[in-house]
Amino acid sequence: MPLLEAVRLEAQYGWTKVLHGLDFTVDEGGITTILGANGAGKTTTLRAVCGMLRTGGEILFDGRRIDGKATEAIVRLGIAHAPEGRGTFVGLTVEENLRLGAYGRRDRSGVARDFERVYQLFPVLAQRRRQAAGTLSGGEQQMLAVARALMLRPRLLLLDEPSLGLAPLVVREIFRAVRTINREERVSVLLVEQNASIALSLADHAYLIETGRVVMSGRADELRENEAIRRSYLGY
Ligand SMILES: Nc1ncnc2c1ncn2[C@@H]1O[C@H](COP(=O)(O)OP(=O)(O)OP(=O)(O)O)[C@@H](O)[C@H]1O
Ligand SMILES: [Mg+2]
(Lines give C-alpha, C1' and ligand atoms only; values in the text may rest on other atoms or scores of the structure.)
(Ligands and ions follow the chains in the order given, each with its own letter.)
Protein backbone atom coordinates (compact mmCIF):
# COMPACT_ATOMS: atom_id res chain seq x y z
CA MET A 1 0.00 0.00 0.00
CA PRO A 2 1.41 3.43 -0.89
CA LEU A 3 1.86 6.01 1.87
CA LEU A 4 0.26 8.73 -0.26
CA GLU A 5 -2.12 8.16 -3.11
CA ALA A 6 -3.92 10.71 -5.26
CA VAL A 7 -6.81 9.43 -7.33
CA ARG A 8 -8.24 11.60 -10.11
CA LEU A 9 -7.11 14.67 -8.17
CA GLU A 10 -8.68 17.90 -9.39
CA ALA A 11 -8.21 21.47 -8.24
CA GLN A 12 -9.29 24.87 -9.40
CA TYR A 13 -8.88 28.55 -8.63
CA GLY A 14 -12.20 30.27 -9.01
CA TRP A 15 -13.61 28.91 -12.25
CA THR A 16 -10.28 27.91 -13.69
CA LYS A 17 -9.50 24.24 -13.39
CA VAL A 18 -5.76 23.66 -12.92
CA LEU A 19 -5.49 19.94 -12.07
CA HIS A 20 -7.48 17.68 -14.37
CA GLY A 21 -7.51 14.34 -12.60
CA LEU A 22 -3.99 13.44 -11.50
CA ASP A 23 -3.14 9.93 -10.33
CA PHE A 24 0.09 9.47 -8.42
CA THR A 25 1.54 7.66 -5.42
CA VAL A 26 4.41 7.94 -2.99
CA ASP A 27 5.62 4.65 -1.54
CA GLU A 28 6.41 4.31 2.15
CA GLY A 29 10.10 5.15 2.39
CA GLY A 30 10.19 6.25 -1.24
CA ILE A 31 11.00 9.45 -3.07
CA THR A 32 8.58 10.49 -5.80
CA THR A 33 9.13 13.50 -8.00
CA ILE A 34 6.59 15.43 -10.05
CA LEU A 35 8.26 17.29 -12.90
CA GLY A 36 6.75 20.02 -14.98
CA ALA A 37 7.34 23.40 -16.53
CA ASN A 38 6.17 26.76 -15.15
CA GLY A 39 2.45 26.73 -14.55
CA ALA A 40 2.06 22.96 -14.97
CA GLY A 41 0.40 22.66 -11.56
CA LYS A 42 3.23 21.45 -9.30
CA THR A 43 2.69 23.91 -6.47
CA THR A 44 -1.06 23.45 -6.73
CA THR A 45 -0.60 19.69 -6.33
CA LEU A 46 1.31 20.12 -3.05
CA ARG A 47 -1.18 22.67 -1.80
CA ALA A 48 -3.97 20.23 -2.61
CA VAL A 49 -2.28 17.48 -0.57
CA CYS A 50 -1.97 19.90 2.38
CA GLY A 51 -5.64 20.79 2.31
CA MET A 52 -4.99 24.37 1.28
CA LEU A 53 -7.41 24.15 -1.65
CA ARG A 54 -10.78 22.62 -2.37
CA THR A 55 -10.19 19.49 -4.42
CA GLY A 56 -11.99 16.82 -6.36
CA GLY A 57 -11.04 13.17 -6.49
CA GLU A 58 -9.41 11.45 -3.53
CA ILE A 59 -6.24 11.82 -1.52
CA LEU A 60 -5.30 8.95 0.76
CA PHE A 61 -2.58 8.98 3.39
CA ASP A 62 -1.73 5.65 4.94
CA GLY A 63 -4.94 4.29 3.44
CA ARG A 64 -7.21 6.97 4.89
CA ARG A 65 -8.92 9.84 3.08
CA ILE A 66 -7.39 13.22 3.92
CA ASP A 67 -9.00 15.36 1.23
CA GLY A 68 -11.39 17.82 2.82
CA LYS A 69 -9.48 17.82 6.12
CA ALA A 70 -8.08 21.05 7.57
CA THR A 71 -4.40 21.75 7.00
CA GLU A 72 -3.63 21.52 10.76
CA ALA A 73 -5.16 18.05 10.88
CA ILE A 74 -3.09 16.97 7.88
CA VAL A 75 0.07 18.34 9.48
CA ARG A 76 -0.73 16.40 12.65
CA LEU A 77 -0.86 13.19 10.64
CA GLY A 78 2.79 13.78 9.77
CA ILE A 79 2.82 15.64 6.47
CA ALA A 80 5.27 18.56 6.42
CA HIS A 81 5.43 21.11 3.63
CA ALA A 82 8.45 23.20 2.63
CA PRO A 83 6.54 25.60 0.40
CA GLU A 84 7.48 27.51 -2.70
CA GLY A 85 9.13 30.79 -1.77
CA ARG A 86 10.33 29.04 1.40
CA GLY A 87 7.71 30.40 3.79
CA THR A 88 10.09 31.16 6.64
CA PHE A 89 9.35 33.98 9.06
CA VAL A 90 11.87 36.62 8.05
CA GLY A 91 11.68 38.59 11.30
CA LEU A 92 12.34 35.54 13.47
CA THR A 93 15.71 33.92 14.04
CA VAL A 94 16.75 30.58 12.61
CA GLU A 95 16.18 28.96 15.98
CA GLU A 96 12.72 30.51 16.39
CA ASN A 97 11.73 29.31 12.93
CA LEU A 98 12.86 25.79 13.79
CA ARG A 99 10.95 25.91 17.07
CA LEU A 100 7.79 26.82 15.13
CA GLY A 101 8.41 23.78 12.95
CA ALA A 102 8.11 21.64 16.08
CA TYR A 103 4.90 23.42 17.11
CA GLY A 104 2.45 21.05 18.73
CA ARG A 105 5.05 18.39 19.58
CA ARG A 106 5.06 17.43 23.23
CA ASP A 107 8.17 15.25 23.32
CA ARG A 108 10.64 17.84 24.55
CA SER A 109 13.68 15.63 24.52
CA GLY A 110 12.81 14.49 21.00
CA VAL A 111 12.59 18.10 19.87
CA ALA A 112 15.97 18.85 21.45
CA ARG A 113 17.49 15.89 19.60
CA ASP A 114 15.93 17.08 16.35
CA PHE A 115 17.50 20.51 16.77
CA GLU A 116 20.87 18.77 16.95
CA ARG A 117 20.00 16.60 13.99
CA VAL A 118 19.03 19.46 11.65
CA TYR A 119 22.08 21.45 12.74
CA GLN A 120 24.16 18.43 11.86
CA LEU A 121 22.49 18.16 8.46
CA PHE A 122 22.91 21.89 7.83
CA PRO A 123 25.90 23.13 9.87
CA VAL A 124 25.56 26.64 8.47
CA LEU A 125 22.21 26.95 10.24
CA ALA A 126 23.89 26.16 13.55
CA GLN A 127 26.34 28.99 12.97
CA ARG A 128 23.48 31.33 12.19
CA ARG A 129 21.01 30.19 14.80
CA ARG A 130 20.57 33.66 16.30
CA GLN A 131 20.39 35.44 12.95
CA ALA A 132 17.07 36.69 11.51
CA ALA A 133 15.87 34.40 8.72
CA GLY A 134 15.35 37.40 6.44
CA THR A 135 19.08 38.13 6.47
CA LEU A 136 20.09 34.61 5.36
CA SER A 137 21.25 33.94 1.81
CA GLY A 138 18.82 32.28 -0.58
CA GLY A 139 20.48 28.91 -0.12
CA GLU A 140 20.50 29.20 3.65
CA GLN A 141 16.82 30.15 3.62
CA GLN A 142 16.03 27.07 1.57
CA MET A 143 17.96 24.92 4.03
CA LEU A 144 15.98 26.53 6.83
CA ALA A 145 12.72 25.74 5.04
CA VAL A 146 13.66 22.06 4.76
CA ALA A 147 15.03 21.97 8.32
CA ARG A 148 11.87 23.55 9.68
CA ALA A 149 9.73 20.93 7.94
CA LEU A 150 11.91 18.19 9.45
CA MET A 151 11.32 19.57 12.96
CA LEU A 152 7.81 18.19 12.67
CA ARG A 153 9.29 14.66 12.46
CA PRO A 154 7.11 14.05 9.42
CA ARG A 155 6.38 10.73 7.78
CA LEU A 156 6.01 12.55 4.48
CA LEU A 157 7.97 15.60 3.39
CA LEU A 158 6.59 17.79 0.59
CA LEU A 159 9.25 19.87 -1.15
CA ASP A 160 8.39 22.62 -3.60
CA GLU A 161 11.31 23.32 -5.95
CA PRO A 162 14.09 23.42 -3.39
CA SER A 163 16.60 24.03 -6.20
CA LEU A 164 14.99 27.25 -7.40
CA GLY A 165 17.47 30.08 -7.85
CA LEU A 166 20.33 28.31 -6.07
CA ALA A 167 23.88 27.56 -7.15
CA PRO A 168 24.53 23.91 -8.08
CA LEU A 169 26.73 23.32 -5.06
CA VAL A 170 24.03 24.48 -2.65
CA VAL A 171 21.42 22.44 -4.48
CA ARG A 172 23.57 19.33 -4.07
CA GLU A 173 23.97 20.01 -0.37
CA ILE A 174 20.22 20.28 0.12
CA PHE A 175 19.53 17.15 -1.91
CA ARG A 176 22.19 15.26 0.02
CA ALA A 177 20.42 16.14 3.25
CA VAL A 178 17.08 14.99 1.83
CA ARG A 179 18.63 11.69 0.78
CA THR A 180 20.12 11.23 4.24
CA ILE A 181 16.85 11.70 6.09
CA ASN A 182 15.10 9.46 3.57
CA ARG A 183 17.63 6.66 4.02
CA GLU A 184 18.32 6.93 7.71
CA GLU A 185 14.87 7.74 8.97
CA ARG A 186 12.66 6.48 6.18
CA VAL A 187 10.96 9.83 5.72
CA SER A 188 9.05 9.56 2.45
CA VAL A 189 9.37 12.46 0.05
CA LEU A 190 7.22 14.09 -2.62
CA LEU A 191 9.40 16.53 -4.51
CA VAL A 192 8.14 18.86 -7.24
CA GLU A 193 10.82 20.28 -9.49
CA GLN A 194 11.56 21.95 -12.78
CA ASN A 195 15.15 20.78 -12.47
CA ALA A 196 14.54 17.32 -13.92
CA SER A 197 18.16 16.31 -13.86
CA ILE A 198 18.69 16.61 -10.12
CA ALA A 199 15.18 15.44 -9.25
CA LEU A 200 15.54 12.25 -11.29
CA SER A 201 18.88 11.51 -9.68
CA LEU A 202 17.27 11.61 -6.24
CA ALA A 203 13.86 10.07 -6.86
CA ASP A 204 12.91 6.46 -7.40
CA HIS A 205 9.63 7.26 -9.14
CA ALA A 206 8.68 10.18 -11.37
CA TYR A 207 5.69 11.78 -13.03
CA LEU A 208 5.79 14.39 -15.74
CA ILE A 209 2.83 16.78 -15.76
CA GLU A 210 1.73 19.28 -18.38
CA THR A 211 -1.13 21.70 -17.72
CA GLY A 212 -2.48 19.64 -14.87
CA ARG A 213 -2.30 16.21 -16.47
CA VAL A 214 0.16 13.36 -16.10
CA VAL A 215 1.74 12.83 -19.50
CA MET A 216 4.40 10.33 -18.50
CA SER A 217 5.36 8.31 -15.45
CA GLY A 218 7.70 5.55 -14.48
CA ARG A 219 10.84 4.67 -12.60
CA ALA A 220 13.14 7.67 -12.37
CA ASP A 221 16.00 5.84 -14.09
CA GLU A 222 13.69 4.97 -16.99
CA LEU A 223 12.54 8.55 -17.42
CA ARG A 224 16.14 9.72 -17.38
CA GLU A 225 16.79 7.55 -20.41
CA ASN A 226 13.67 8.76 -22.20
CA GLU A 227 14.41 10.66 -25.40
CA ALA A 228 11.59 13.23 -25.10
CA ILE A 229 12.40 13.98 -21.46
CA ARG A 230 16.04 14.37 -22.33
CA ARG A 231 15.38 16.83 -25.10
CA SER A 232 12.74 18.92 -23.33
CA TYR A 233 13.77 18.75 -19.69
CA LEU A 234 17.35 17.61 -19.39
CA GLY A 235 18.84 19.57 -22.24
CA TYR A 236 21.21 17.03 -23.74
N1 LIG B 1 -3.96 31.69 -6.47
C2 LIG B 1 -4.19 31.47 -7.77
N3 LIG B 1 -5.23 32.01 -8.42
C4 LIG B 1 -5.47 31.78 -9.73
N5 LIG B 1 -4.70 30.99 -10.50
C6 LIG B 1 -3.63 30.44 -9.93
C7 LIG B 1 -3.30 30.64 -8.54
N8 LIG B 1 -2.18 29.95 -8.26
C9 LIG B 1 -1.82 29.35 -9.42
N10 LIG B 1 -2.69 29.63 -10.41
C11 LIG B 1 -2.60 29.14 -11.79
O12 LIG B 1 -2.59 27.72 -11.76
C13 LIG B 1 -1.69 27.18 -12.72
C14 LIG B 1 -0.71 26.24 -12.02
O15 LIG B 1 0.05 26.99 -11.11
P16 LIG B 1 1.13 26.33 -10.16
O17 LIG B 1 1.62 27.39 -9.25
O18 LIG B 1 0.60 25.11 -9.56
O19 LIG B 1 2.28 25.94 -11.23
P20 LIG B 1 3.74 25.37 -10.98
O21 LIG B 1 3.86 24.13 -11.75
O22 LIG B 1 4.04 25.34 -9.54
O23 LIG B 1 4.65 26.50 -11.69
P24 LIG B 1 6.10 27.11 -11.28
O25 LIG B 1 7.11 26.14 -11.76
O26 LIG B 1 6.14 28.39 -12.03
O27 LIG B 1 6.10 27.30 -9.79
C28 LIG B 1 -1.04 28.37 -13.39
O29 LIG B 1 -1.68 28.58 -14.63
C30 LIG B 1 -1.30 29.53 -12.44
O31 LIG B 1 -1.42 30.74 -13.14
MG1 LIG C 1 5.37 26.30 -8.31
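Here's the picture: a label point sits 7 Å out from the Cα of Leu164 along the beta-carbon direction, and within the range 202-236 the residues with their amide nitrogen under 18 Å of it are 209-212.
For the range 97-105, backbone phi angles converted through the Karplus equation (6.51, -1.76, 1.60; θ = phi - 60°) give residue-by-residue couplings of 4, 5, 4, 5, x, 8, 3, x, 7 Hz, Gly and Pro being listed as x. In the chain, the DSSP beta bridges split such that about 55 percent are antiparallel, to the nearest 5.
With the simple spin-label model, which puts each label point 7 Å out from Cα in the Cβ direction, the Gln127 to Arg172 separation comes to 1.8 nm. In this calculation the C-beta distance from Met1 to Glu184 is compared with R0 = 22 Å, giving a FRET efficiency of 0.45. Computed on the chain, with alpha-carbon pairs under 8 angstrom and 6+ residues apart, the relative contact order is 27 percent. Close amide-amide hydrogen proximity is noted between Asp27 and Leu3, each under 5 Å apart and 5 or more residues distant or on a separate chain (H modeled in the peptide plane; Pro and chain starts excluded). Our estimate of slack between Thr135 and Glu72, defined as 0.36 nm per intervening residue step minus the Cα-Cα distance, is 19.8 nm.
In this calculation the C-beta distance from Arg213 to Arg54 is compared with R0 = 25 Å, giving a FRET efficiency of 0.85. If the elastic network links every pair of Cα atoms under 10 Å, which of Asp160, Asp67, Asp221 fluctuates the most in the Gaussian network model of the chain? Looking only at Asp160, Asp67, Asp221, the largest GNM fluctuation is found for Asp221. For Arg106 and Gln12, the FRET efficiency from 1/(1 + (r/R0)^6), where r spans their Cβ atoms and R0 equals 45 Å, is about 0.75. Here the Karplus relation 6.51 cos²θ - 1.76 cosθ + 1.60, evaluated at θ = phi - 60°, turns the backbone of the range 179-189 into coupling constants of 4, 4, 5, 5, 6, 7, 10, 6, 6, 7, 9 Hz, with x for every Gly and Pro.
Accessible area per residue was computed with a 1.4 Å probe on protein heavy atoms; Glu210 scores about 90 Å².
The values are calculated or read from the model by the stated rules, or taken from the named source; none is laboratory data. Worth saying up front: this structure is predicted, and the values here are computed from it rather than measured. Backbone-built Cβ (ideal geometry, glycine too); neighbour counts: all protein chains shown. Surface accessibility is based on the protein's heavy atoms, side chains included, excluding ligands, DNA and RNA. Shrake-Rupley method; radii C 1.70, N 1.55, O 1.52, S 1.80 Å.
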